[in-house]
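The next block holds one structure in the form of structure tokens; read it before the comments.
The values are calculated or read from the model by the stated rules, or taken from the named source; none is laboratory data. These figures come from a predicted structure and were not determined experimentally. When we count neighbours, we look across all protein chains shown, and the Cβ atoms used for this are built from the backbone with ideal geometry, even at glycine. All accessible areas refer to the heavy atoms of the entire protein, side chains included, with ligands and DNA or RNA removed. Shrake-Rupley method; radii C 1.70, N 1.55, O 1.52, S 1.80 Å.
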Amino acid sequence: MQLRYSFRLYPSAGQRAALARAFGCARVVFNDALRVREEARTAGLPFVPSGALSKRLTASKKTPERAWLGEVSSVVLQQSLRDLDTAYRNFFDGLKGKRPKMGPPRCKSRKDNRQAIRFTANANWRITPGGKLRLPKVGDVRVKWSRTLPSTPSSVTVIKDAAGRYFASFVVEVGDETPLPETGRSVGIDLGLSHFAILSNGTKVDSPRFLRRAEKKLKKAQRELSRKQKGSANRGKARVKVARAHARVADARREFHHQLSTKLIRDNQAIAVEDLAVKGLARTRLAKSVHDAGWSAFVNMLEYKAARYGRTFVRIGRFEPTSQVCSVCGVKDGPKPLNVRTWTCAECGTVLDRDINAAVNVAKAAGLAVTACGAQVRPGLVPAPRDEAGTRPDGQSTVAGMPSDHAWQEVNG
């Protein structure tokens, strides 16, 4: 299995200037190669192969117009050509039906929110004994190591995001992890908006609503940005403030997903979730709340963590009538409006909580042995995270609060 490990970088002023040159050179090489292929397509000529583009790049570095390309590592420029090949491959695969359709490659802009360059082993980058990241023609960059890499990576990608933060991203091969001890417990999960996750054992995890809680600050920052003159330095500073505010929200949401998914993987041998139509829901009036919840990212975390630690993960079809079937007798009682949170089965007379009943049906549809007996109709509240994740100026991370083990034990009985 391949996993991506990202670490925060803290380059000096000179190193930031060197990285900016590298970002710019990689962007120019990408756009030049894209232009060559588009001109060939317009003229009805054959598709220009990668080898020809590489030769053109070598020749252009010897011209006065592109001589400054030699100021950065040649590996970065070659990897930019590889990125263009990947973009074309994805586009053609979409046309053939091998993957979801996507548009053709487009030129990159210096105003893009995300800038990235990649160094492979040929660039002779390395991690110094002092824990710094040595990049060719950039220098030794300070790294905030939050954990140890499980194996030696073959490449590193340096990323600058919209908030002006720098990250080093490593893709490493990890061997088979030692499976976690078997627990014998199975759980079905019903994802929602009022509660982020409802478990088949009766536990309800409140939705943190990070975006909703930060809306007041975001509106103020966006209002200040709209009042700045376009093209001014103050507008650039205001744009960074808005980007950093959104980055804090995204970091807090990601930390919440990681902690909750890890807790569920550790406590349960098998997990079942419903395959939600997130794209469809994001086109409704609930779009902001759906994006704020981040269901897809959470489910993906559950899936890869289950595969890594020897757990069973099952997705059930989105058309399963989990909210219409009684989890006790199995009788389908028909659809119900969203304002109906509890209902009584007309067949067996059981009073059912809509969300817990759906979670139990999710687990049953996946073939997991669960029961609704003992599930609380009004379970105790699970504390929602209070702090937002971010990074302080000294480089130390702050983590969103999660229910402690003691709190989980109290909720689960």
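Could you bin all the Cα-Cα distances of region 234-295 into 10 Å bins starting at 0 and give me the percent of pairs in each, rounded to whole numbers?
All Cα pairs considered, the percentages come to 17, 31, 33, 14, 4, 0.
Where does the longest stretch of the chain lie that holds no GluC sites (Glu not before Pro) found in a DSSP loop with 14 or fewer other Cβ atoms within 10 Å? Intermediate results must be reported in sequence, preceding the final value.
Details: sites that count: E177, E182, E347.
In the chain, the maximal stretch lacking such sites is 1-176.
Return the carbon/sulfur percentage of the accessible area of region 58-114, one whole number, probe 1.4 Å, all protein chains in place.
Values: 2000 of 3900 Å².
Heavy-atom surface of region 58-114 belonging to carbon and sulfur, 1.4 Å probe: 51 percent.
Residues of region 251-339: accessible area per residue at 1.4 Å, in Å²?
Values: 4450 Å² over 89 residues.
Here the residues of region 251-339 average 50 Å² of exposed surface.
For a test of the definition: using alpha carbon positions, the gyration tensor, and the 1.5 limit on a/c, classify region 1-140 as rounded, prolate or oblate. Don't skip to the answer; put the middle values down first.
Numbers: a/c = 2.16, a/b = 1.43, b/c = 1.51.
The shape class here is oblate.
Looking at region 105-260 from every direction and averaging, what is the projected area of its Cα convex hull in nm²? Don't skip to the end; give the middle numbers.
Values: hull surface 59.9 nm².
Its Cα hull, projected and averaged over all orientations, spans 15.0 nm².
H291: accessible area at probe 1.4 Å, nearest 10 Å²?
110
What's the tally of Lys pairs in region 88-171 whose alpha-carbon atoms lie under 21 angstrom apart, where the two lysines are 8 or more places apart or on different chains? The partial results should precede the final answer.
Values: K108/K160; K111/K160; K132/K144; K132/K160; K137/K160; K144/K160.
Count of close lysine pairs: 6.
Based on the Kirkwood radius over alpha-carbon pairs, what is the Stokes-Einstein translational diffusion coefficient of region 330-369 at 37 °C with 0.692 mPa s viscosity, in µm²/s? Intermediate results must be reported in sequence, preceding the final value.
Details: Rh = 11.0 Å.
Stokes-Einstein gives a translational diffusion coefficient of 299 µm²/s.
Would you list, by chain and number, the lysines whose Cα falls below 25 Å from the Cα of K216, excluding same-chain residues fewer than 8 positions away?
Partners within reach: K228, K230, K237, K241, K288.
Determine how large the accessible area of K364 is when every protein chain is in place; take a 1.4 Å probe and give Å² rounded to the nearest 10.
It works out to around 90 Å².
Answer with one residue from A162, L225, V187: the one whose Cα lies farthest towards the positive end of the charge dipole of region 161-279, charges on Cβ with Lys, Arg +1 and Asp, Glu -1.
Of A162, L225, V187, it is L225.
State, in angstrom, two size descriptors of the chain derived from its alpha carbons: Rg to one decimal place and Dmax to the nearest whole number.
Here Rg and the maximum Cα pair distance are 25.5, 84 Å.
Could you tell me the convex hull volume per residue, in Å³, taken over the Cα atoms of region 130-213?
Numbers: hull volume 16.0 nm³, N = 84.
Convex hull volume per residue, Cα atoms: 191 Å³.
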